[in-house]
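Below is one structure, written out as structure tokens, with a few remarks after it.
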Amino acid sequence: MNTIDLSQNVHQTIQEHPEIKPLLIELGFKLLANPLLFNTVARKTSIKQGAKLIGLSLKDIQQQLEWNGYEVIGVQDDE
């Protein structure tokens, strides 16, 4: 099973799992569609931090990722 760590930076996560980029954009991570922002902000921001910035529930992200066949880790630490 593929594992997604919500505390890992977005850029690294997408490099490891490029197929989740459209899913994250659909969930509200609209800035990822911009190549410049993807190559800058995404290197410094985790999915968890990004969710907080855009007001998206970690449970919603976790649910969507699990529905798409991923195991999600890093949900509980630092909350």
Only listed residue being without any contact (Cβ under 8 Å) to a residue 60 or more places away in the chain, loosely packed, with under 12 Cβ neighbours inside 10 Å and assigned to a helix (DSSP H, G or I), chosen from GLU66, GLU19: GLU19
Test result for LEU31, out of contact with any Asp or Glu (no Cβ under 8 Å at 6 or more places or on another chain), closer than 15 Å to LEU53 by Cα and modelled with pLDDT of 95 or more: no
Among the residues listed as THR13, THR3, the single one being of a type in the set (Ser, Thr, Tyr), outside any helix (DSSP H, G or I) and touching a strand residue (DSSP E or B) at 6+ places or on another chain (Cβ under 7 Å): THR3
Failed item, numbered, when THR45 is tested on (1) β-branched (Val, Ile, Thr); (2) over 17 Å from LYS21 (Cβ atoms); (3) within 10 Å of the chain's Cα centre (by Cα): (2)
Residue within the stretch 22-37 that is touching a residue at least 12 places away in the same chain (Cβ under 8 Å) and of a type in the set (Val, Ile, Thr) present: no
The stretch 1-16, subset over 17 Å from LYS59 (Cβ atoms) and in contact (Cβ under 8 Å) with a residue 60 or more places away in the chain, residue surrounded by the fewest Cβ atoms within 10 Å (Cβ to Cβ): MET1
Subset of the stretch 38-50 that is touching a residue at least 40 places away in the same chain (Cβ under 8 Å) and assigned to a helix (DSSP H, G or I) - its residue that is surrounded by the fewest Cβ atoms within 10 Å (Cβ to Cβ): LYS48
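The values are calculated or read from the model by the stated rules, or taken from the named source; none is laboratory data. Values in this document were obtained by computation on a predicted structure and should not be read as measured data. FYI the Cβ positions are ideal-geometry reconstructions off the backbone, even for glycines, and counts take in every protein chain you see.
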